[in-house]
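One structure is given below, encoded as structure tokens.
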Amino acid sequence: MTEAEKYYHSLLTFGMRPGLERIGMLLERLGNPQNSCKFIHVAGTNGKGTTCVMLAEILRAQGYKTGLYTSPYIVDFRERIRVNGEMISEEELSRITQTVKEAVCQLNSENIVITEFEAVTAAAFLYYKKCGCEFAVLETGLGGRFDATNVIKEPLVSVITSISLDHVKILGNTLGEIAFEKCGIIKECRPAVTYGKQAPEALKVIKEQTLKKNSPLYDAGECEYKILSETINGTQIEYNGKNIYLPFPGEHQTENCLTVLKTVEVLKKQGIEISDEAVYNGIKNSKNPARCEIINENPLIILDGCHNESSAQALKNVIDRFLKGRKIKAVMGMMEDKDIDRVLSILLPYFSFVTAVTPSNPRAVKSEKLQEKIEERGVKSESFENPAEGVNFMLKDLKRDEVLIVCGSLYLCADVRHIFNTDSI
């Protein structure tokens, strides 16, 4: 872990009170670097990361210098801040962190406490300005209305991906309440795009908020397309007479792709040049680790960071579509604040054996507790505190015709990725 990363982790995780005042003051001390770039802003419960990656790759393929801001990271902290697909260098992160740290210390002396996410967001804005980014794609960290990324003034477009129940203690107990928080990124008179298969309760709120803000709303559900072929490695679709290869499997990823394509249409309406070739190459070259990611073919081993009901349902659909009749084993680790029971009820019917592990995160549920929940549902289980030990235990007896799925948390996927020699993104 670099000194820069240690510094960010030393800061408060969440603010004492919601609001954008703190990040606003921090950025003002830094010269308001967020005003030097045009943004595409993305919020939602699931699909944010993949949507952001595809949009950034399309802009990059067109030749624009493009920043990408995502979280959490899988392999390296520097993944969170990228320009044209390249992570910020350790040296550059160190320099920018020092600048951010000085401003944070000044504010601390004035009894203004800056959180970790606020500080990292400020660092990203500084880097995009220094690199001369023409565009940057921003993924919200949590919610939207009070998310530090929402300090930007007028995004080119706000994108709302699939909304489901998650972080209910912070965002609300209903889809409508959560949608309201996510819609906080929609700005007055600026266009918005919504995921095509949005739950009716969420879509109702999205329509209300865009109407209230005089924001034109574009629904990806209106896209006409045809699936030409699909495998567990990806999907070939026809859209507007053009073939597009999506390197992610599953219906949910097709819907994410349609959200991206609708967003591209909105950008083009604003005079931003994006060719069909850039769209094709950008999507084809997109990578987003730990989202139904195949890291070994024979035997088949899949990493998936599913952590809530919606993402577990997406993994279930992939299993139903592509792995019927296969014997599937799993390594699972989850966060204590997730709906563990619901995720287990969706996925356990597909698993013949599960090893429970404890991801390296303070919020992780202990492996023994997870094992108990698994066995209560009639599935044989073992537990290991260390994720790597749990994976290696499963690999010892994994037959070539069996499938191993590592799932339950992006933090778990990050913990075990090195075992498979897939440390790149």
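FYI, it's all coordinate maths here, none of it is from the lab. Quick caveat, the model's predicted, so the values are computed rather than measured. With ideal geometry, Cβ positions are generated from the backbone for all residues, glycine too; neighbour counts draw on all protein chains shown.
General observations
- Take every DSSP beta bridge whose two residues both sit in the stretch 183-251; close to 80 percent of them are antiparallel.
- Close amide H partners of Val331, meaning residues 5 or more places away or on another chain with modelled amide H under 5 Å apart, are Thr355, Ile405, Val406, Cys407.
- Separation in nanometres of the label points that stand 7 Å from Cα toward Cβ, at Cys105 and Asn32: 2.7 nm
- Residues in the stretch 119-158 reached by a label modelled at Lys65 [backbone nitrogen below 11 Å; 7 Å Cα→Cβ]: 128-135
- R0 of 35 Å, Cβ-Cβ distance Glu265-Asp397: FRET efficiency to nearest 0.05: 0.10
- Between Glu273 and Lys369, the modelled label-to-label distance comes to 5.6 nm, taking each label 7 Å out from Cα in the direction of the beta carbon.
- Taking amide H atoms as placed 1.01 Å from N in the peptide plane, the amide H of Ser215 lies under 5 Å from those of Cys189, each 5 or more residues away in sequence or on another chain.
- Residues with amide H under 5 Å from that of Ser383, placed H, sequence gap 5 or more: Ala356
- Simple spin-label estimate for Leu211 and Glu188 gives 2.0 nm between the two label positions (7 Å along the Cα-to-Cβ direction from each Cα).
- Euclidean distance of C-alpha centroids, the stretch 222-293 and the stretch 342-395, integer Å: 34 Å
- Segment Ile112-Arg342, extension gain: residue separation times 0.36 nm, minus the distance between their alpha carbons: 78.9 nm
- The shape of the chain can be summarised by an equivalent ellipsoid whose semi-axes, obtained from the alpha carbon gyration tensor, come to 33, 27, 21 Å from longest to shortest.
- Gained length - Arg377 relative to Asn233, 0.36 nm times residue gap less alpha-carbon distance: 48.7 nm
- Straight-line cross-link partners of Lys153 among the aspartates and glutamates, defined as a Cα under 18 Å from its Cα and at least 8 positions apart when in the same chain: Glu21, Glu28, Glu118, Glu134, Glu139, Glu181, Glu188.
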